[in-house]
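Novice: Would you mind keeping the following structure in view while I ask a few things?
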Amino acid sequence: MSTPSTTFCLIRHGETAWNAERRIQGQLDIPLNANGEAQALATAAALHGQAFDAAFCSDLTRAHATARATTERLGMALTPDPQLRERHYGLFQGLTYAEAEQRHPQDFARHSARDPGYALPQGGESLITFDARIRAAIERIARAHAGGRVLIVTHGGVLDILHRLATGKPLAQPRDFALPNAALNWIALEATGWRMIEWADQRHLDHSRDELPRS
């Protein structure tokens with residue numbers, strides 16, 4: 001008997017003031033700005049009429065507020081999940097990318113090189129640790145909703161991991177795909193493994209920011 005396909009709609013949270021400043025948020029709890037709130041409503045309108053079996057989000061405010069706009073419109077329950085939080089960026093959190101490079105050039109170089117085992121000081125997660133956390137979360141959700149359709153609202157770093165999961169790209173490979181705020185991304189878990197369906201659909205948005213460095 002074949003394993004039923006489980007489909008995921010993955011969404012990066014709407015824009016925040018720190019996104020606009022190219023300031024590293026990590027696990028700091030930064031709210032949506034006005035543009036982010038408008039993006040959340042646009043995403044909710046784009047998904048109106050879609051059927052989902054469950055909805056999950058990071059427990060950080062920017063992801064929860066983005067998800068809530070859609071689940072309230074669809075009349076669904078929303079489950080915050082700390083395992084879906086952004087990667088912890090250690091001593092870079094709160095700095096702009098330019099500040100991080102200027103103040104911590106050696107750490108910035110190793111981070112930018114995507115050394116999978118390197119963890120930034122002050123609590124940062126290595127790519128290996130982060131990847132394991134996100135894979136465990138998505139596989140747990142997939143098992144619980146096998147054959148269903150699941151909405152997940154989370155963060156750019158998380159989507160980076162999930163894109164690589166669906167395409168087989170290694171962690172150390174530089175990013176060559178977009179991670180726009182509030183875009184729609186679809187992947188599926190099938191009997192043969194993970195599959196990419198569609199990525200970075202921004203047709204419902206006037207403008208969406210991908211301020212993350214492609215490293």
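Novice: Tell me, please, whether a residue that is at negative phi, among the aliphatic types (A, V, I, L, M), in a helix (DSSP H, G or I) and within 17 Å of the chain's Cα centre (by Cα) can be found in segment 93-107.
Specialist: no
Novice: In addition: Is there a residue in segment 48-57 that is assigned to a helix (DSSP H, G or I) and surrounded by fewer than 19 Cβ atoms within 10 Å (Cβ to Cβ)?
Specialist: no
Novice: For the structure I just gave you, tell me whether D81 is open to solvent by less than 40 Å² (accessible area, probe 1.4 Å), within 15 Å of the chain's Cα centre (by Cα) and either over 24 Å from A183 (Cβ atoms) or charged (D, E, K, R) (or both).
Specialist: yes
Novice: Which of the following residues is touching a strand residue (DSSP E or B) at 6+ places or on another chain (Cβ under 7 Å) and either open to solvent by 60 Å² or more (accessible area, probe 1.4 Å) or among the hydrophobic types (A, V, I, L, M, F, W, C) (or both): L28, L32, L41?
Specialist: L32
Novice: Filter segment 113-162 down to the residues that are surrounded by 15 or more Cβ atoms within 10 Å (Cβ to Cβ), out of contact with any Asp or Glu (no Cβ under 7 Å at 6 or more places or on another chain), small (G, A, S) and part of a helix (DSSP H, G or I) and list them by number.
Specialist: Within segment 113-162, A142, G156 qualify.
Novice: Checking the conditions here, which among A172, A200, A188 is at pLDDT 95 or above, over 22 Å from D59 (Cβ atoms) and in a loop (DSSP other than H, G, I, E, B)?
Specialist: None of the others qualify; the one that does is A172.
Novice: Which condition breaks for R214 when tested against (1) within 23 Å of N33 (Cα to Cα); (2) at pLDDT below 95?
Specialist: All conditions are met except number (1).
Novice: Failed condition for E21, given (1) within 21 Å of D160 (Cβ to Cβ); (2) under 15 Å from the mean Cα position of the chain (by Cα); (3) open to solvent by 20 Å² or more (accessible area, probe 1.4 Å), with all others met?
Specialist: (2)
Novice: In segment 51-68, what residues are among the hydroxyl-bearing types (S, T, Y) and touching a helix residue (DSSP H, G or I) at 6+ places or on another chain (Cβ under 6 Å)?
Specialist: S58, T66
Novice: Checking the conditions here, which among T43, T7 is of a type in the set (S, T, N, Q) and part of a strand (DSSP E or B)?
Specialist: Of the residues listed, the single one that is of a type in the set (S, T, N, Q) and part of a strand (DSSP E or B) is T7.
The values are calculated or read from the model by the stated rules, or taken from the named source; none is laboratory data. Computed from a predicted structure; not experimentally measured. Positions of Cβ are backbone-derived with ideal geometry, glycine not excepted, and every protein chain shown enters the neighbour counts. In case anyone asks, the SASA skips ligands and DNA or RNA and just uses the protein heavy atoms, side chains included. Shrake-Rupley method; radii C 1.70, N 1.55, O 1.52, S 1.80 Å.
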